[in-house]
Amino acid sequence: MPTAAAPGGDGLDEAVTIGVSIHVPEPYGSRVQDARAGHGDPQARSIPTHVTLLPPTETRTGFLPAIERHLRAVAAAQRPFRMLLQGSGTFRPVSPVVFVRVEEGAQECRVLEAEVRSGPLARELAFPYHPHVTVAHGLPEPVLDRAYEDARGFRAVFEVAEFVLSRFGADSVWRPWRSYAFGPA
């Protein structure tokens with residue numbers, strides 16, 4: 001994991017893994033989690049349904065105030081937008097992932113991702129950014145095939161008015177920590 005440099009270099013700050021995402025609201029979020037669980041995905045209940053803006057990133061707790069200031073500024077400069085999630089896609093054969101496509105709001109996600117992943121959160125990515133909602137990950141090929149077929153009929157439309165900073169717990173569960181509302185419409 002990439003690590004932001006520790007302030008002061010005194011080693012007193014503890015490491016923390018964070019991520020930034022747009023959470024998919026109910027009832028859609030639970031529908032995706034239920035589908036993931038139904039496919040046997042062991043991460044189904046430990047990750048809120050989301051579109052990633054910053055993948056898991058290790059940093060030091062001493063950097064969190066600067067990161068929060070950065071995220072507040074990014075959010076304040078954004079305007080709410082409509083998101084349409086519809087149909088299925090996959091990253092196979094490169095990565096064993098099946099997802100729901102972001103059909104509307106993808107460009108806004110790209111702008112947000114670039115802004116979030118700057119300043120104190122600047123880091124390189126292993127793959128080019130592609131907004132999506134994961135429905136199956138790391139499962140056997142026949143299960144990924146079934147997840148792909150099942151997700152073809154998925155559709156959700158909602159307004160995005162914030163993003164969320166989450167922390168990865170010692171119990172391997174991602175928990176929302178702070179949300180950042182966008183500027184006025």
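Given the criteria open to solvent by less than 30 Å² (accessible area, probe 1.4 Å) and within 18 Å of D171 (Cα to Cα), does A75 qualify? Give the steps one after another, and end with the answer.
On the way: open to solvent by less than 30 Å² (accessible area, probe 1.4 Å): yes; within 18 Å of D171 (Cα to Cα): no.
Criteria not met by A75.
A search for C-beta distances below 9 Å between a residue of region 71-95 that is at positive phi and any residue that is part of a helix (DSSP H, G or I), counting only pairs 6+ apart in sequence or on different chains, returns G87/A151. Taken over region 87-124, the criterion of being part of a loop (DSSP other than H, G, I, E, B) and either under 18 Å from A44 (Cβ atoms) or out of contact with any helix residue (DSSP H, G or I) (no Cβ under 9 Å at 6 or more places or on another chain) (or both) is satisfied by F91, P93, V94, S95, P96, G105, R117, A122, R123, E124. When region 9-45 is filtered for residues that are within 21 Å of E113 (Cβ to Cβ), touching a residue at least 60 places away in the same chain (Cβ under 8 Å) and not in a loop (DSSP other than H, G, I, E, B), the ones remaining, listed by number, are V16, T17, I18, G19, V20, S21, I22, H23, Y28, V32. A residue that is in a loop (DSSP other than H, G, I, E, B) and surrounded by 18 or more Cβ atoms within 10 Å (Cβ to Cβ) occurs nowhere in region 166-181.
Within region 46-64, identify whether any single residue is more than 22 Å from I18 (Cα to Cα) and either among the β-branched types (V, I, T) or in contact (Cβ under 8 Å) with a residue 40 or more places away in the chain (or both), and answer yes or no.
So the first thing to find is which residues in region 46-64 are more than 22 Å from I18 (Cα to Cα), and the list is none.
No.
Given the options D34, D13, name the one that is of a type in the set (D, E, K, R), more than 21 Å from V164 (Cα to Cα) and open to solvent by 60 Å² or more (accessible area, probe 1.4 Å).
Numbers: D13 fails: open to solvent by 60 Å² or more (accessible area, probe 1.4 Å).
Of the residues listed, the single one that is of a type in the set (D, E, K, R), more than 21 Å from V164 (Cα to Cα) and open to solvent by 60 Å² or more (accessible area, probe 1.4 Å) is D34.
Where residues in region 37-63 are open to solvent by 10 Å² or more (accessible area, probe 1.4 Å) and among the aliphatic types (A, V, I, L, M), which of them is nearest to P142 (Cα to Cα)? Checking each candidate, the answer is A37.
Only one of F127, F99 is open to solvent by less than 60 Å² (accessible area, probe 1.4 Å) and among the aromatic types (F, W, Y); which? Outline the logic, then answer.
Details: F127 fails: open to solvent by less than 60 Å² (accessible area, probe 1.4 Å).
Being open to solvent by less than 60 Å² (accessible area, probe 1.4 Å) and among the aromatic types (F, W, Y) holds for just one of F127, F99, which is F99.
The values are calculated or read from the model by the stated rules, or taken from the named source; none is laboratory data. Predicted model only: the values in this text are computed from it and were never measured. Every residue, glycine among them, receives a Cβ derived from its backbone with ideal geometry; neighbour counts consider all protein chains shown. Each accessible area value is taken on the protein alone, full model and side chains, heavy atoms only, with ligands, DNA and RNA left out. Shrake-Rupley method; radii C 1.70, N 1.55, O 1.52, S 1.80 Å.
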